[in-house]
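Only the coordinates and a few stated rules stand behind these numbers; no lab work does. A quick note: this is a predicted structure, and the numbers were derived from the prediction, not measured. Cβ placement follows ideal geometry from the backbone for every residue including glycine, while neighbour counts extend to all protein chains displayed.
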Amino acid sequence: MPLLDVRDLRIYYELHGAPGAPALVLLNGALDTIESDWAHQLPALAERYRVLAYDHRGHGRTSRSAEPFASYDQLADDLAGLLDGLGLARAHFCGFSDGGITLLYFALRWPARVCSLTLVGAQYTNDERTLALLAKMTPERIVARLPEWAARLAQLHDTHHTPGYWQALMRQMLALWPVQPSLTLGQLAQISAPVLLIAGERDGFGHIDQQVAMRRALPQAQLCILPAAGHPVMNEQPDLFRIALLQFLHDNETL
């Protein structure tokens, strides 16, 4: 099992595709893993790219930290440390939800490392609608009302940590979200890399109006809204998602 020590973590990662191909880094969403977010996409992406995917701190096979989730800057530091450890100077990046948010923070701090960004259902700030929705996502509510999801979270996380661990992980994330992300449109305007925004038309988190605002603020952005899809659009519309992502990457391969 490939593991890399990065400061206070032991990060689980996977490499797919030919070593000489252009590098593409995939970032999972909160409470997700490589398996849950990218299983439908990895085989096709690895035909053209050297794909790096990893489990975020405390997620899946990556170790937990002694300290709680402090900020998205912390998650961006983890990504930078992983890239340094693997000797990867620049890459294309694609992040879902929290992974996309992490990439915004990463791109602001390390712009020279970014060939392109694909942000999937990501937001630059949590508005009142999102916070109201997140407030309902307590572990107790999920166990009571969404037992299949609770079982899935236990499979993804508890099997690599301890029974009930996913509930503690969710509480850490719930403590972070009212505070961050807290970026401004002015900060987004500083990101010069090409950006593809992808969202499902039924996404309850990455609201379409916020996606439009991000497209206008980012200097080189395009927006792709996929039909009949909610938040995990790469799983709900895998073929349409893959077509959009591969076309964008192809258009920006020379960067």
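A few notes on this one:
- Sparse packing (at most 15 other Cβ atoms within 10 Å of the Cβ) combined with a DSSP loop state is found for the following trypsin sites (Lys or Arg not before Pro) in segment 1-59: R7.
- Scaled against 2.2 N^0.38 Å for its residue count N, the alpha carbon radius of gyration of segment 79-125 is 1.09.
- Structure-derived P(r) over Cα pairs in 10 Å bins from 0, in percent: which label, when the choices are [x] 7, 27, 35, 20, 9, 2, 0; [y] 7, 33, 40, 19, 2; [z] 7, 30, 35, 21, 6, 0: [y]
- Highest to lowest packing among 96-102, 185-191, 36-42, scored as the average C-beta count within 10 Å: 96-102, 36-42, 185-191
- Given +1 at the Cβ of Lys and Arg, -1 at the Cβ of Asp and Glu and no other charges, the dipole of the chain around its Cα centre is 160 debye to the nearest 20.
- The alpha-carbon atoms of segment 45-185, seen along their principal axes, cover 45, 35, 32 angstrom, with the largest extent given first.
- Note on T254 and L146: the model spin-label points, each 7 Å out from Cα along the C-beta direction, lie 4.4 nm apart.
- Nitroxide proxy distance, nm - points 7 Å out along Cα→Cβ at T125 and V179: 1.8 nm
- Relative exposure of D203, D84, judged by other C-beta atoms within 10 Å (fewest first): D84, D203
- Positive-end ranking of H56, L104, A144 along the dipole of segment 11-158, with charges on Cβ about the Cα centre, is headed by L104.
- Rough spin-label spacing in nm, given labels placed 7 Å along Cα→Cβ, for K136 and S71: 3.2 nm
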